[in-house]
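Here is the structure we will look at.
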């Protein structure tokens, strides 16, 4: 793995790497030129062959998603670039937008071409104002150079890109919540079926892809699907941006092949834990993933399937590191509070359950806990999101995966650090 | 009419060019709801009843549907705030790296609790959830700009430098 | 057609129907809150979760469609889908959902207007826990007016969003919205744009719990004290099907009754609250004859005889005035009585209003104009000239009732008459001008058939008992006819009138109250 050369972030330290002229100077938009001479179906096939899986969190194969777009429809087709990056612990798309916006834009144009789309959107979270301005500049440059607009590079292909700002809602990172939001509504995820590829934005076929996913596309076209597949595990290959934050010496975004050992990320790339403190727990894939204990974390590779075996997930590859000084009950409450704040309120278990959890955990932290609260947390989380067990079939209790996103991490805190929760109980009650 | 019976002042977009451009970008009018609200809030500071009505008119939806949107998203404010919104991220990575101290410091410095505005109207302190910049925690967003990885001293200097 | 196995039942299902629709149609109980057959499916309450064989997650039955599967993929080589609605997993899930819904609920059933017809109550009884495990402080909010007639009790609201979808999809007025999000979500309306459309009352009907309340009914009675009777709204020519809830001689509320051929699931507020205008009226309950400026009470025999005598004396110089507010049978009998000349008062009209889903309030605000036209033959349009040409000296009027404001031309006509007989339930302007007043029945006391403006004949059923000596209008007319013509038929009941009417008017033949039933029938 040591011979891995960054792909997506290769040029991010160079001057003016965000400009069109720089991007072109390092071979940018040659993939697009190539694609415009290809048949759209061939483009989709190349991406399918690459096994590129979505980088937003769910890990759904991108090429297969594109293939769901109906061929026999008169409706317009839409591509939406999901730049709502909102999963705590995740800040990679922001880097890509700031440093290499044209890489993502080229990926968008190629994806749009492959699915036959003429109007596409970038849904960027509202707080990212600087990145919004950066994208505006990049899009303007692209229009000026005929990379967007009418008759792109003389190919008869037309595409417009609209940059759309969100306004503060985690749930709009979920693709159907995002579509509702783009339509000018509250970001309540839609019940499926129908899936967005059939009925998405304005009831038309719509593909939603993440910034990082789209940024991979030009490289797959230029270097080929087999090159991409050769990086990391074959079932979920490619370069991946890992975000590391929390208690580490050198937090940041690190591009590595899929499947890198979590311990290498924490102790080598991110320089280990400050002040020689010991590792306590890790979120491997954003705050929606179940936490791993130090022992588990030191013995796992950052691979879709391997993390599922550990009853957690790769998610958005946002690693949050907690050291021995971290109060796990407070951390659990912090996460529960985040999800209660972000629950859209549509489904009963999530709306009521997140509020319940926060009230109960707050009472516990304030010294008003009782022993049965601990068991109740298990029950409540199970009733919001089901057990962290894909084989049991007891999950999927809400319209979107938010239910699991709150239940699994909160449950994992209590399951793996029960003693700390018990320690918060008033002394006499423990005895009783 | 407002509840006190006075007629509402009509809201007019000063940047009408921008407003027209926003409306023309989408295949339907309703999709322009969020961008029009952003534009209006930039102009007015917060979302007034007159803005709700104006946006409803341009997007051809009911004002209640606009209010539904406004109330859902945390970036739309329904009351006037200070000139500078001090938005401190309090989610895990920031919290692990001293975000709580930021809040305490600002509270002490200006005597404002989260949600409150200084009496001179210069600052409003807001606790916000994950800003997507966990690698440079703790993060404070002042109006549109992120300020990342500051120490308390640096925060202090930054606040003092705001005219 | 796909074959569904649901619990131990096998059902052939139309491809593309949902599990919930199938269950409802086959009498299998799957509990639900947010689903409503007239509204878009959102699948958010999660109450209707069921287990589908071969699917890893529980499925919401409101959005799970049944279709034909490939022969190789049939369950047990036979079924296109196998569904469990009662197994352990499903039962536990329902309990969980109910627990969540009841966390912040005030459990104030003893003072709740929905008690007795509440889905939260019913499902908790059937599927829920007896005790709450919620030990935190409840979310408490004060009641709010959403409109002049609708109040919301937020603490009872389960946020199923039926009411919001109703205003968006059915009334098309969109006044209601969900405010805020997550645990803080609540149903709201803008202060300056309240829920005051003409369909607003329906949101209280479709609210599955006691959150949305009609101020008209709030704390007036308990549902189990009320008698519920199916009837037809009489406030326009659409003829919405309704249920009338009453106790003793008082109506407490009207709700819409489903009829897909007429009103779907809804009714308008004109009809919903219209019953109040009959509450404080100067009711006539005895036959009366004019004595100078006042009236003397008569018994029925005298009244019928006097009426017959007056008509007998002037023979064909008497005209009848039929009414689109009365039943087909009453109008028909007046027609039999006054073969020569039948007139009518000018129609009572309002604004014609059509809602996005085609729900309609007709401009014709009488319930039976179509019936009048069907069974009364040629009506005299220009009554003023007929009075001259035929030398009309007397009138027999079926009074429209309290809604009728007499215009000057009719006042002139009445003034010219030697006698006026008015059959009415209230001391209306018309009744005041009469020589003989015969007490008929008020709108909610009447029985008979009425024909809506789409040619659907419906059974108007009585909701209240008759008052004093008043008699069904058709019966009064029959008695007068019997007195005038000894050989004329005696009808023992409405059915015999309907039969006779059908003999004369082919498109009304073969009709009976039994055949009309609760859903009415289209005339051929």
Shielding score for A:168-175, defined as the mean number of other chain Cβ atoms within 10 Å = 3
Debye log10 I(q)/I(0) at q = 0.13, 0.24, 0.25 Å⁻¹ for segment A:87-144, Cα point scatterers = -0.35, -1.06, -1.12
re segment C:3-99: pairs of Cα atoms spaced beyond 16 Å account for a percent value of 53 percent
Given just the C-alpha atoms of the protein assembly as shown, how large is their convex hull per residue in cubic angstrom?
-> 220 Å³
How do the peptides B:81-94, B:148-161 rank, highest first, by the average count of neighbouring beta carbon atoms within 10 Å per residue?
-> B:81-94, B:148-161
Return the calculated 222 nm mean residue ellipticity for chain C, to the nearest 500 deg cm²/dmol, obtained by summing -39500 (n - 2.57) across DSSP H runs with n ≥ 4 and dividing by the residue count.
-> -6500 deg cm²/dmol
Along its principal axes, what span do the Cα atoms of chain B show, with the longest given first and each in whole Å?
-> 48, 38, 26
Counting all C-alpha pairs of segment C:251-339, share separated by more than 21 Å (%) | 60 percent
Take every Cα-Cα distance within segment C:123-255, group them into 5 Å bins from 0 onward, and report for each bin the whole-number percent of pairs it holds.
-> 2, 9, 16, 19, 18, 16, 11, 6, 2, 1, 0
Sorted peptide list for A:91-102, C:299-310, C:374-385, criterion being average Cβ within 10 angstrom, highest first = A:91-102, C:299-310, C:374-385
Percent of C-alpha pairs per 10 Å bin, segment A:100-210, short to long = 14, 44, 34, 9, 0
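For chain C, what D do you get in µm² per second when you plug the Kirkwood radius from alpha-carbon pairs into Stokes-Einstein at 4 °C and 1.567 mPa s? Display every interim value, and only then the final one.
On the way: Rh = 26.1 Å.
Calculated translational D: 50 µm²/s.
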Per-residue [θ]222 nm for chain B (sum of -39500 (n - 2.57) over DSSP H runs n ≥ 4, rounded to 500) = -12500 deg cm²/dmol
Once every DSSP H run of n ≥ 4 in chain A is given -39500 (n - 2.57) and the sum is divided by its residues, what mean residue ellipticity at 222 nm do you get, rounded to the nearest 500 deg cm²/dmol?
-> -12000 deg cm²/dmol
Computed over chain A: longest principal axis from alpha-carbon atoms vs helix A:402-416 long axis, angle to nearest 10 degrees, is 40 degrees
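In the calculated pair distance distribution of segment B:16-72, what percentage of Cα-Cα distances lie above 17 Å?
Values: 426 of 1596 pairs.
Cα-Cα pairs in segment B:16-72 separated by more than 17 Å: 27 percent.
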The protein assembly as shown: antiparallel DSSP beta bridges as a percent of all, rounded to 5 | 60 percent
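Average partner chain C-beta neighbours within 10 Å, per residue of A:178-185? Intermediate results must be reported in sequence, preceding the final value.
Details: counts 0, 0, 1, 6, 5, 6, 18, 9.
The shielding value for this peptide is 6.
Could you tell me how many cubic angstrom of Cα convex hull volume segment C:312-444 has per residue? Before the final figure, lay out the partial values.
Values: hull volume 15.4 nm³, N = 133.
So the per-residue Cα hull volume is 116 Å³.
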Tell me, how many Å apart are the Cα centres for segment A:27-80 and for segment C:249-287?
-> 61 Å
Using distinct alpha-carbon pairs, which all enter the 1/r mean, Kirkwood radius of segment C:385-440 in Å | 11.5 Å
Hey, how many Å between the Cα centroid of segment C:1-17 and the Cα centroid of segment C:130-182?
-> 36 Å
Geometric extent, Cα atoms of segment C:165-324 - Rg, Dmax (angstrom) | 23.0, 79
Note: A:118-127 gets an average of partner chain Cβ contacts (10 Å, Cβ to Cβ) equal to 3
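Tell me, what does the Kirkwood hydrodynamic radius of chain A come to in angstroms if you use every pair of distinct C-alpha atoms?
Details: mean 1/r = 0.0448 Å⁻¹.
Every distinct Cα pair counted, the radius reaches 22.3 Å.
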By average C-beta atoms within 10 angstrom, highest first, the peptides A:54-67, C:8-21 = A:54-67, C:8-21
Taking Cα atoms only, helix A:348-365 is inclined relative to the longest principal axis of chain A by an angle, in degrees rounded to 10, of 50 degrees
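We did not get these values from a lab; they are worked out from the coordinates using the rules stated. Model, not experiment: these values are computed from the prediction. With ideal geometry, Cβ positions are generated from the backbone for all residues, glycine too; neighbour counts draw on all protein chains shown.
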